[in-house]
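Have a look at the structure below before the remarks.
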Amino acid sequence: MRTTNKNISIKKRAGSGKLFVYGTLRGQYGHKLSKLIRENFQLIGVGHIKGDLFDIGKYPGAVLSRSTSNNIVGEIYQAKKETDIDSTLKILDKYEGYYQGDLPASEYIRKRKFVKLKNGKRVLSWVYLYNKPVANKHLIEGGDYLRHLESR
């Protein structure tokens, strides 16, 4: 099958309207930016990505890993309007310390990754991944930040 520029463009946009949050942006946490997410996105459900979740101090950091059996638990949201995704992501980029033009200085990087819903369906979503060393950070058992906070 021949790939056209139109097909590439459609493929690049796929998943751009979805967002996976696993820490302080989850609805139950109550951060002020979760209101922005609720205004511009609709909750699809709970899901997970394969990797390790670390306690960074006041927030968690997700590190993807194929070699781990751990999952990172979070919420998947779909933008209510495709036009809202870019403006919302700019605000979230600032909050997460993501500088698209300076990845080494970024505390988190934003990437599209497949997230698995509880029903087994996989959806391509934006996710912020921790971009600093985790050698001295505490691994969050079970990969659920909200549950981790309850047990503190």
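The values are calculated or read from the model by the stated rules, or taken from the named source; none is laboratory data. Here the structure is a predicted model, which means the values were calculated and not measured. Because the Cβ atoms are built from the backbone with ideal geometry, glycine has one as well, and the counts that use them run over all protein chains shown.
Observations on the structure shown:
- Among residues of region 97-123 that are in contact (Cβ under 8 Å) with a residue 24 or more places away in the chain, those with a beta-carbon under 7 Å from a residue that is β-branched (V, I, T) and surrounded by fewer than 15 Cβ atoms within 10 Å (Cβ to Cβ) at least six positions away or on a different chain give the pairs K118/V46.
- Neighbours by Cβ (under 9 Å, 6+ apart or cross-chain): first from region 46-57, closer than 10 Å to H138 by Cα and modelled with pLDDT under 95; second among the basic types (K, R) and outside any strand (DSSP E or B): G57/K137
- Among the residues of region 58-88, just one is assigned to a helix (DSSP H, G or I), in contact with a Phe, Trp or Tyr (Cβ under 9 Å, 6 or more places away or on another chain) and either within 30 Å of N136 (Cβ to Cβ) or among the hydroxyl-bearing types (S, T, Y) (or both), namely T88.
- Every residue from region 77-92 that is more than 16 Å from Q42 (Cα to Cα), of a type outside the set (A, V, I, L, M, F, W, C) and either in contact with a Leu (Cβ under 8 Å, 6 or more places away or on another chain) or buried (at least 18 other Cβ atoms within 10 Å of the Cβ) (or both): none
- All of (1) more than 12 Å from K18 (Cβ to Cβ); (2) at pLDDT 95 or above; (3) hydroxyl-bearing (S, T, Y); (4) within 14 Å of the chain's Cα centre (by Cα) hold for S106 with one exception: (4).
- Qualifying positions in region 99-119 - among the charged types (D, E, K, R), closer than 19 Å to I44 by Cα and assigned to a loop (DSSP other than H, G, I, E, B): K118
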